[in-house]
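Peer 1: Attaching a single structure in structure tokens format; questions to follow.
Every number here is computed from the coordinates shown, using simple stated rules; none is lab data. Treat the numbers as computed from the prediction; the structure is a model and nothing was measured. With ideal geometry, Cβ positions are generated from the backbone for all residues, glycine too; neighbour counts draw on all protein chains shown.
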Amino acid sequence: MSKLFNLGHRPLDQLPCGAGALACSLRPRPAAIWGALGLVTLLALVAPGTLPAQSAAPTGVSAKYLGAPSCASSSCHGGGGEHQNQHLVWSLKDYHSQRPVATLATARSRQIADALHLSDPTSDARCTTCHAPLQAVPAGLRGPGFNAAEGVTCESCHGPAENWLRAHTRHDWSHADRVFAGLRDLSNLYVRANTCVACHQTVELPLLSAGHPELTFELDGQSAAEPRHWQEATNWNRAQTWYVGQAVALRELSWQLGREPQSDPHLIARWQALAWLLQKLNGLDPALPGVGTLASAATPDNFRTAQRAADTAALTAATLNWPATLAPAMLARLAGTTADFATPVTGELPARQAERLVLALDRLLLAQSPPAPPSASDKLNELFKAAQSIPDFEPAGFGVTLGQFAGILQP
């Protein structure tokens with residue numbers, strides 16, 4: 001498991017505005033439009049099957065949140081069996097169930113709130129939008145079992161349940177029917193990444209300045225860290241999951257930089273580092289979409305270009321029949337970037353590149369089949385240690401260790 005990324009808190013309630021389009025509804029939105037976009041935009045991502053005659057076409061605006069207890073009966077997801085214990089896993093083991101809300105009552109949250117002149121972090125939307133997202137659900141969309149204190153709950157990830165809960169177990173419903181009824185298609189890696197990225201990565205600059213930690217989105221690692229209450233699709237691929245997540249992360253960083261009123265050198269360095277990482281994989285395989293050539297200058301035009309390119313790459317990569325040879329090729333390509341750390345560069349960009357790189361190597365090393373030799377993991381641990389501190393980072397030493405890591409991977 002990688003050592004650098006921080007787990008965020010909330011999957012959002014909305015998805016991108018159509019396949020191939022710029023993601024325009026991924027961030028927290030005013031409470032008045034809760035539920036209005038999530039279902040409508042889903043229809044562009046998954047073509048529905050023929051719905052059974054008894055079912056009505058869903059209406060996203062009227063879909064209510066029914067609360068976690070609606071999933072928790074012993075005959076559904078609250079049982080003790082391997083395939084019926086999802087609610088128990090969430091309520092007893094999952095970070096999302098209680099800790100995000102509880103975090104707002106800590107002394108550290110109080111200090112951040114004081115720095116921002118917020119009266120109460122447990123109720124201010126700048127905090128609760130990720131830590132307690134159900135607080136923003138309008139009264140008219142709260143079903144009888146709704147409880148805003150549940151934290152990041154089942155419906156935060158899977159969508160408001162009113163239109164699909166009673167019928168989603170029917171044998172005559174296909175997967176597309178369930179998605180059409182409003183059940184979010186988290187088996188689609190693009191949809192999954194879009195559901196998680198905003199609260200696992202995007203932190204506004206005032207919050208960062210007040211002491212909120214940076215968050216680094218890493219879809220494969222964070223999926224692996226989640227207490228497992230689902231089975232991955234038979235064609236699931238760890239390297240593919242990583243790549244889709246990184247492309248979505250670049251898109252969101254580009255979006256954030258394009259809207260922040262002030263320039264921030266730390267955020268720009270993170271953006272440049274992630275763009276550098278993904279561009280290293282351009283042209284690696286005809287199946288890999290790539291992000292093209294992205295300019296590194298921090299300008300609005302470059303942010304928009306990167307946003308579009310990254311979204312297209314993520315959307316395309318999520319639907320690929322991922323070649324078995326691609327993960328080893330990606331690992332070798334990124335491990336071969338030693339020369340990028342040999343020439344001294346001022347600023348924190350080399351450290352940010354190393355930060356992104358070690359996370360990538362970590363996930364791609366785990367994707368190898370057959371597994372890489374144990375010495376590769378040992379050398380990767382050295383790379384993690386070298387990349388732990390941004391101010392103390394030494395590019396040349398890191399490059400030497402990276403070359404040794406690459407040498408171990410050679411057949």
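Peer 1: With the crude spin-label approximation of a point 7 Å out along Cα→Cβ, what separation in nm comes out for ASN147 versus ALA107?
Peer 2: 3.0
Peer 1: In degrees from 0 to 90, rounded to the nearest 10, what is the angle of the helix 395-409 Cα long axis to the longest principal axis of the chain?
Peer 2: 80
Peer 1: Straight-line reach only, C-alpha to C-alpha below 16 angstrom: list the aspartates and glutamates that LYS93 could link to, leaving out same-chain residues fewer than 8 apart.
Peer 2: Filter leaves GLU82, GLU150, GLU226.
Peer 1: Here is a further query. Go ahead and estimate [θ] at 222 nm for the chain from helices alone: -39,500 (n - 2.57) per DSSP H run with n ≥ 4, summed, over the residue count, rounded to 500.
Peer 2: -14000 deg cm²/dmol
Peer 1: A further question on this structure: Length gain on complete extension for the stretch GLU232 to SER187, per 0.36 nm per residue less the alpha carbon to alpha carbon distance?
Peer 2: 15.5 nm
Peer 1: With no solvent and one point on each alpha carbon, what is the Debye value of log10 I(q)/I(0) for the stretch 319-372 at q = 0.16, 0.18, 0.24 Å⁻¹?
Peer 2: -0.56, -0.67, -0.94
Peer 1: Using just the Cα positions, wrap the chain in a convex hull and report its mean projected area in square nanometres, one decimal place.
Peer 2: So the Cα hull casts an average projection of 20.5 nm².
Peer 1: Can you find, among LEU116, LEU380, GLY399, the residue sitting farthest towards the positive end of the charge dipole of the chain, where Lys and Arg contribute +1 and Asp and Glu -1 at Cβ?
Peer 2: Highest projection toward the positive end goes to LEU116.
Peer 1: So, one more: Which aspartates and glutamates have a Cα less than 14 Å from the Cα of LYS379, not counting those fewer than 8 places away in the same chain?
Peer 2: Leaving aside aspartates and glutamates fewer than 8 places away in the same chain, those within reach of LYS379 are ASP362.
Peer 1: Can you compute the charge dipole magnitude of the stretch 77-188 about its Cα centre, using +1 on each Lys and Arg Cβ and -1 on each Asp and Glu Cβ, nothing else charged? Give it in debye, rounded to the nearest 20.
Peer 2: Values: 10 positive and 11 negative charges, 30 e Å.
Roughly 140 debye, rounded to the nearest 20.
Peer 1: Would you work out the Kirkwood radius for the stretch 72-212? I mean one over the mean of 1/r across all pairs of different Cα atoms, in Å. Before the final figure, lay out each step's value.
Peer 2: Values: mean 1/r = 0.0591 Å⁻¹.
That comes to 16.9 Å for the stretch 72-212.
Peer 1: Let me ask you something else. Just to verify a number: FRET efficiency for VAL400 and ALA329, C-beta to C-beta distance, R0 = 22 Å, to 0.05?
Peer 2: Calculated transfer efficiency: 0.40.
Peer 1: Please give, to one decimal in nm, the separation of the simple spin-label points placed at GLU260 and HIS171, each 7 Å out from Cα toward the Cβ.
Peer 2: The answer from the label model is 5.5 nm.
Peer 1: Across the chain, where is the longest run that never hits trypsin sites (Lys or Arg not before Pro) in a DSSP loop with at most 15 other C-beta atoms within 10 Å?
Peer 2: In short, 229-411.
Peer 1: Separate question: Hey, what do the phi angles of the stretch 75-90 turn into as Karplus ³J(HN,Hα) couplings, whole Hz, using 6.51/-1.76/1.60 and θ = phi - 60°, x for Gly and Pro?
Peer 2: Karplus-based 3J(HN,Hα) across the stretch 75-90 equals 8, 10, 10, x, x, x, x, 4, 9, 9, 10, 4, 5, 5, 4, 5 Hz.
Peer 1: In the chain, once you exclude exposed chymotrypsin sites (Phe, Trp or Tyr not before Pro) (DSSP loop, at most 15 other Cβ within 10 angstrom), what's the longest stretch remaining?
Peer 2: So the longest stretch without any such site is 1-229.
Peer 1: Please list, in chain and number order, the residues 5+ apart from GLY211 or on another chain whose amide H is under 5 Å from its amide H, with Hs placed from the backbone.
Peer 2: Under 5 Å from the amide H of GLY211: no residue qualifies.
Peer 1: Okay, moving on. How tilted is helix 300-318 with respect to the longest principal axis of the chain? Cα atoms for both, answer in degrees (0 to 90, nearest 10).
Peer 2: 70
Peer 1: Taking a quarter of the surface of the convex hull around the Cα atoms of the stretch 194-310, what do you get in nm²?
Peer 2: The number I arrive at for the stretch 194-310 is 8.1 nm².
Peer 1: Moving on to the next point. Any chance you could give the angle, 0 to 90 degrees and rounded to 10, that helix 238-259 forms with the longest Cα principal axis of the chain?
Peer 2: For helix 238-259, the angle is close to 90 degrees.
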